[in-house]
1. Do you know which residues across segment 313-332 are surrounded by fewer than 20 Cβ atoms within 10 Å (Cβ to Cβ) and of a type outside the set (A, V, I, L, M)?
2. Among (1) surrounded by 13 or more Cβ atoms within 10 Å (Cβ to Cβ); (2) at pLDDT below 90; (3) aromatic (Phe, Trp, Tyr), where does PHE71 come up short?
3. Is it fair to say ARG184 is touching a Leu at 6+ places or on another chain (Cβ under 9 Å), among the basic types (Lys, Arg) and surrounded by 15 or more Cβ atoms within 10 Å (Cβ to Cβ)?
4. Within segment 42-60, which residues are exposed (fewer than 11 other Cβ atoms within 10 Å of the Cβ) and not hydroxyl-bearing (Ser, Thr, Tyr)?
5. Take ARG52 and tell me if it is in contact (Cβ under 8 Å) with a residue 12 or more places away in the chain and more than 21 Å from the chain's Cα centre (by Cα).
6. Please note which helices (runs of 4 or more DSSP H) are completely contained in segment 291-388 and include at least 2 residues that are modelled with pLDDT of 95 or more and within 17 Å of CYS235 (Cα to Cα).
7. Since PHE179 meets every condition but one in (1) touching a helix residue (DSSP H, G or I) at 6+ places or on another chain (Cβ under 6 Å); (2) in a helix (DSSP H, G or I), which condition does it not meet?
8. Quick one: in segment 271-290, of everything that is small (Gly, Ala, Ser) and not in a loop (DSSP other than H, G, I, E, B), which residue is farthest from LEU197 (Cα to Cα)?
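The values are calculated or read from the model by the stated rules, or taken from the named source; none is laboratory data. These numbers were taken from a predicted model, which means no experiment stands behind them. Every residue, glycine among them, receives a Cβ derived from its backbone with ideal geometry; neighbour counts consider all protein chains shown.
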Amino acid sequence: MDYTKSKFLFQLKKTVRYVRLFGLQRTFIKVLGQYHMKSEDGFDGVKWINDRCSSPDSKGRVIGILGCGNFAYSNIAYYLFKIRKDFLRCGYDKDPSRSKSLCLKFRGAFACSNWRDVIEDEAVKIVFIASNHASHAEYAVACIKAGKHVHIEKPHVVSEEQLNLLREAMLEYPESKVFLGFNRPRSRLFMTLKEELSRQSGPLMINWFIAGHAIADGHWYFNEREGGRVLGNLCHWTDLTLHLVSLERAFPCRIASATPKAAKSDFAVTISFADRSCAVISFSAKGHTFEGVRETLHVHRGDLLASLYDFQVLETELAEKKKRFRLSHRDHGHEANIRNSFDSALDSRTGETLAYVNATAKFFLAIRRAIETSEEVVLTQSEAMEEAVS
């Protein structure tokens, strides 16, 4: 939804509500992001040099960004700028006005019209990929082969073929660290929930309900090659479910869909895992959600009942003991995940394991297959945990 075209009273109410939910600074950058997407001030030629950048060759400028849309502007660049002001070396977007706008706002050295210029720049050590979904794997593989560390926003692949290419590159160039854009596992309340659940034993019963934004039929998410909303949105919660169950206990798993045929934005799937854990994931996109994506999780393990609301409130009940954790603002883990990628790439910490990169992709691809075919899909342990290219 283009909020810049809404009535003033709606904009005012939306802004006030978002300040309560996300805080003043976070809301302000979200508002700027809306106008960033409408920028029409592009550039001609190979590069646009930012003459407002006072230190283009600073050693701190180690970041390149591929895909300078709203997410890159209001999340990736915003949080990296909080870490260090001279983080940005360069950016690329198919729409040059967006790469220029992002570089202007966050003091980047230059914007370019060829994505390979980002990868071939020797000053760039880490590339953040936030382009259209079908391009993620291609860009990531090129980054890895060029010796760059790479942060891939979700989904990291949209097909088995792309996953094979990514696995092959990770195996051949292990010195390049790979990070994924699944931010919610690093949110504070999700980590608290996992800690509470770890004190119990046995299988889990997991129930997710997500209300997402309705998007028009012509939206690029629905382009067949982009993977649709299962890979564009639902993958967040399939990944979170794996984090709850754990890779070691998850496979083989059986996936069944209760989704109407040809549904593009409304999904319901059930998963039974190897350890007898069960999960139901429901995603609904019927209309406009005034407070953004709404997420509710109910989970039961042992004697523990827990409910997580919008990554702002967590309630637990253990026999007679009840706890309630409430944050002042929603925390979806964006800052923690982006900071982890930045910090880990530059120190001795490792990136994501190949086993995890493979398993979470195999899982969401299997779920898409179950939804599209209306048939039960079994994801075996050998498929999910495969690390070598077959």
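1. Within segment 313-332, GLU315, THR316, GLU317, GLU320, LYS321, LYS322, LYS323, ARG324, PHE325, ARG326, SER328, HIS329 qualify.
2. (2)
3. Yes; evaluated as a whole, the condition is true for this residue.
4. ASP44, GLY45, VAL46, ASP51, ARG52, ASP57, LYS59
5. yes
6. The qualifying helices (runs of 4 or more DSSP H) are 334-346, 354-373.
7. (2)
8. In this case the residue turns out to be SER284.
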